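Worksheet for the structure shown next.
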Amino acid sequence: MRTRTPRLGTACAALALLTLAATVYSTGPAEAAATRVRLGSASDVSRTSWQGPAYTMNGDGKILTAPMARAIDAIRGGTGSLDVVVLGGSAPTSGSKTPECDTVIALTGVNSCTTWTLTAARDGDNAQVNTDIRNAEFVFFAGGDQCRYAAWKGTALESSVESVVAKGGGSGGGSAGHHINSPVVYDACNGSVTSPEALADPYDSYISLTTGMFEWADYSGVINDSHFVARDRMGRTMAFIARAVKDGRTAGGKAWGVGVDEGSSLFLDSSGLATLYGKGAYVVLGDHQPEEAAAGKPLTFSDYKIWHLTAGQTYDFGNRPTCGYYLRSVTNGVADPDLYNGTPRTDCGTPPSGSTLAESEANDTRATADDATALTPPSSLTGSMKSTTDRDYFRISLASNQRLSVRCAVPDAYDADLYLLDATGSTLVRSVNDGAGTDEAVAFTRTAGGAGTYYVSVEAYSGSGASAYSCAMATA
């Protein structure tokens, strides 16, 4: 161990509590060593209780002092001090070797800040690394390479970070460190994907996802993304969401993307309330199955719900809002224009009275279809699969250039599929997701002139029962 000795003279007393210790830990002859640099007190704080958890989610690798100071203050309850550990996958090539700790150590209530540079997956089981983490009250993942961080899944390091949060501490990160703090991680282990690439094929080889690492309370179903507007990452986040829903990586058929701009940070308190510091952030919700998400095919997904947060605004992850969003869609790999701005909706309540049509048997053919042409959008269709061969037809009308989206919530009693047919009965689009209780969704734009007749068909694939499905229809 090599210790830098404070300079002699009148500054000695002022520097008596500030130490800088750099330690090199060998990880093997073929790999760079893990390094440890500690600023501040050489001894960790000893305290029986903490007031967190608290989290910071940064759009780039820099520490933002205001949200970091708020997290530190929340964890220590406004009194005493705590210890911070910064984890990184590579050391800076120029300037300070501890840029994050240089900022953190100056904040009120910080006893020490230790920077660990780890270069190998097995560093996650390094005894000194895990001792430092478990003795800390906040762990910050630096920017760099989230694939290196994902490699620590299942190591002692994962459990150590979780223990910090469990005792009322916190976690956070910037850029790659922001990515690793979500339960679904775009790990970039196969390369970095752009929005056009991801929309053209949501199963592009560059898209690899890690799940089952960090699952913070009130933050379920989330995929983080960083450098959001500067690098135009809305499209790829939309693709990540579609993948997560399609592949069942999130519960309830829903997934949220959290994209944070450069120079911005989301502070999350112990109740799940997020407050934005800086320029901007976006919460993007996909709450139904994609109309088309398959390997080698462009993405089609209708009506993403997008909340745009500006400085000081909040989003409650503990009680997620059901209004205040604007809608954007992706059709055949092409996203709607103006993805980053929209007028928030305020009419998100119950559809107008009279806009729901319940099936009336027998409606098993186009000739006996229930007439839904008079419904006022947004509207809904309801019915049930009364037998394993049941088909429910509903007749609708679309004008030229009118876009229709249909999303069906299917009960757990059976597996039903969704079709949109033209006037002759030919299938235009379909949704045939596997599994009882799996939702279905389609979208279609009529391009021909004049008005035309179409049919929505809900068909039993397996199982049956009296439990009702409900299909929400919207036009634009």
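The values are calculated or read from the model by the stated rules, or taken from the named source; none is laboratory data. No experiment lies behind these values; they were computed from the predicted model shown. A quick note on method: Cβ atoms are made from the backbone with ideal geometry, for glycine too, and the neighbour counts reach across all protein chains shown.
Which of the residues belonging to region 97-149 are among the hydroxyl-bearing types (S, T, Y) and within 25 Å of the chain's Cα centre (by Cα)?
Across region 97-149, the qualifying residue is only Y149.
For region 189-215: of the residues being among the hydrophobic types (A, V, I, L, M, F, W, C) and buried (at least 18 other Cβ atoms within 10 Å of the Cβ), which is nearest to D316 (Cα to Cα)?
Only one residue fits best here, namely F214.
Which of the following residues is surrounded by fewer than 21 Cβ atoms within 10 Å (Cβ to Cβ) and among the small types (G, A, S): A281, A295, A255, A274?
A295
Output the number of the condition that I241 fails; it satisfies all remaining conditions of (1) assigned to a helix (DSSP H, G or I); (2) among the β-branched types (V, I, T); (3) surrounded by fewer than 22 Cβ atoms within 10 Å (Cβ to Cβ).
Going through the list (1) assigned to a helix (DSSP H, G or I); (2) among the β-branched types (V, I, T); (3) surrounded by fewer than 22 Cβ atoms within 10 Å (Cβ to Cβ), I241 breaks only (3).
Checking the conditions here, which among Y414, Y393 is aromatic (F, W, Y), in the same structural domain as A448 (by TED's automatic domain parsing) and under 17 Å from G463 (Cβ atoms)?
One residue alone meets the criteria, Y414.
What are the residues in region 374-406 that are over 35 Å from the mean Cα position of the chain (by Cα), among the small types (G, A, S) and in a loop (DSSP other than H, G, I, E, B), if any?
Of everything in region 374-406, those that are over 35 Å from the mean Cα position of the chain (by Cα), among the small types (G, A, S) and in a loop (DSSP other than H, G, I, E, B) turn out to be A374, S387, A399, S400.
Considering each residue of region 146-176, count those that are among the hydroxyl-bearing types (S, T, Y), part of a loop (DSSP other than H, G, I, E, B) and in contact (Cβ under 8 Å) with a residue 40 or more places away in the chain, and give that number.
Going through region 146-176 one residue at a time, the tally reaches 1.
Residues L404, L398, L428: which one is modelled with pLDDT under 90 and of a type in the set (A, V, I, L, M, F, W, C)?
Testing whether each residue is modelled with pLDDT under 90 and of a type in the set (A, V, I, L, M, F, W, C) leaves just L404.
Answer yes or no: is there a residue in region 98-117 that is surrounded by fewer than 21 Cβ atoms within 10 Å (Cβ to Cβ), of a type in the set (A, V, I, L, M), closer than 27 Å to F240 by Cβ and touching a residue at least 24 places away in the same chain (Cβ under 8 Å).
Taking every residue of region 98-117 in turn, none turns out to be surrounded by fewer than 21 Cβ atoms within 10 Å (Cβ to Cβ), of a type in the set (A, V, I, L, M), closer than 27 Å to F240 by Cβ and touching a residue at least 24 places away in the same chain (Cβ under 8 Å).
Quickly run through region 133-145 and pick out the residues that are of a type in the set (A, V, I, L, M) and assigned to a helix (DSSP H, G or I). Spell out how you get there, then give the answer.
The first filter runs over region 133-145 and keeps only residues of a type in the set (A, V, I, L, M), leaving 133, 136, 139, 142.
Within region 133-145, I133 is the sole residue that qualifies.
Considering only region 105-132, state which residues are part of a helix (DSSP H, G or I) and either under 20 Å from G212 (Cα atoms) or among the small types (G, A, S) (or both).
Answer for region 105-132, where residues must be part of a helix (DSSP H, G or I) and either under 20 Å from G212 (Cα atoms) or among the small types (G, A, S) (or both): A121, R122, D123, G124, D125, A127, N130.
Considering only region 75-96, I want to know if a residue exists there that is touching a Leu at 6+ places or on another chain (Cβ under 9 Å), in a helix (DSSP H, G or I) and on the phi < 0 side of the Ramachandran plot.
Yes: region 75-96 contains one or more residues that are touching a Leu at 6+ places or on another chain (Cβ under 9 Å), in a helix (DSSP H, G or I) and on the phi < 0 side of the Ramachandran plot.
Checking A121 against (1) small (G, A, S); (2) modelled with pLDDT of 95 or more; (3) touching a Ser or Thr at 6+ places or on another chain (Cβ under 8 Å): exactly one of these is not met. Which one?
It fails just one condition, (2).
Scan region 454-468 and tell me whether some residue there is of a type in the set (G, A, S), free of Cβ contacts under 8 Å to residues at least 60 places away in the same chain and at positive phi.
no
Looking only at region 216-226, count how many residues are part of a loop (DSSP other than H, G, I, E, B), crowded, with 19+ Cβ neighbours inside 10 Å and in contact (Cβ under 8 Å) with a residue 40 or more places away in the chain.
Residues in region 216-226 being part of a loop (DSSP other than H, G, I, E, B), crowded, with 19+ Cβ neighbours inside 10 Å and in contact (Cβ under 8 Å) with a residue 40 or more places away in the chain: 4 in total.
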